[in-house]
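Asker: The structure under discussion is supplied below as structure tokens; questions concerning it will follow.
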Amino acid sequence: MNLPQIARASIEGALKGKHFTPSPEDREQYDKPGASFVTLTKRGELRGCIGSLLAHQSLIDDVSQNACNAAFEDPRFPPVREAELGDIHIEVSILSEPKKISFRSPQDLLSKVNPTMGIILRKGPASATFLPQVWEELPAKVDFFEHLSIKAGLPKDGWKNAEVSYYTVDVEEESF
């Protein structure tokens, strides 16, 4: 199975009250530690997105857990129902290890980022991330950072003096 298939099997199992058990071959293939985000969309609209920024368990367990969390625990959406599962498209992003970006000014930061980067913003207890895919919706760098600041619960200019890290992703998505 590929990672989106593992994510779907995990969600389907949870809907039926059963825990997904991967095959020994899948377990071996994805047994290395990994961090992932699982994004669910329905007719092109976001339906759930949950993930891990740091590798803390095997990639297969991370994807399985994040798939169920995206389907049933994303506070922005009601839990996925079995009847809608056929309309849901699954995308799995595998994250690289985050790296801190040092910058002297907001303009310096903007010059160092590009749309291949997922961004993590931290200031005190507040933090948020956007996957690189969000650049498609928010291609202007200032807009991207303002929306990320708001997501973190900060004022829209909070990014200007926050800690910023980036990561890259490898994306696997279902094909229909």
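The values are calculated or read from the model by the stated rules, or taken from the named source; none is laboratory data. As the structure is a prediction and not an experimental result, all values here were calculated from the model. All Cβ positions, even for glycine, are placed from backbone atoms using ideal geometry, and neighbour counts span all protein chains on display.
Asker: If we only count strands (runs of 3 or more DSSP E) wholly inside the range 71-176, which ones have 1 or more residues that are under 25 Å from Gly13 (Cβ atoms)? Break it down into steps so the answer makes sense when it comes.
Answerer: On the way: elements: 88-95, 99-101, 118-123, 126-130, 163-167, 169-173.
Here the list reads 88-95, 169-173.
Asker: Quick one: which residue in Lys112, Lys18 is modelled with pLDDT of 95 or more and over 16 Å from Glu173 (Cα atoms)?
Answerer: Lys112
Asker: Answer with yes or no whether Arg76 is closer than 23 Å to Ile150 by Cβ and either of a type in the set (Lys, Arg) or more than 12 Å from the chain's Cα centre (by Cα) (or both).
Answerer: Yes.
Asker: Same structure again: Of all residues being in contact with a strand residue (DSSP E or B) (Cβ under 6 Å, 6 or more places away or on another chain) and not hydrophobic (A, V, I, L, M, F, W, C) in the range 116-147, which is farthest from Gly51 (Cα to Cα)? Just the residue, please.
Answerer: If we take residues in the range 116-147 being in contact with a strand residue (DSSP E or B) (Cβ under 6 Å, 6 or more places away or on another chain) and not hydrophobic (A, V, I, L, M, F, W, C), then Arg122 is farthest from Gly51 (Cα to Cα).
Asker: Could I ask something else about it? Run down Glu97, Glu136, Glu91, Glu82 and say which single residue is exposed (fewer than 15 other Cβ atoms within 10 Å of the Cβ) and under 14 Å from the mean Cα position of the chain (by Cα).
Answerer: Glu97
Asker: Among the residues of the range 1-48, which ones are surrounded by 17 or more Cβ atoms within 10 Å (Cβ to Cβ), free of Cβ contacts under 8 Å to residues at least 40 places away in the same chain and assigned to a strand (DSSP E or B)?
Answerer: Correct list: Gly48 only.
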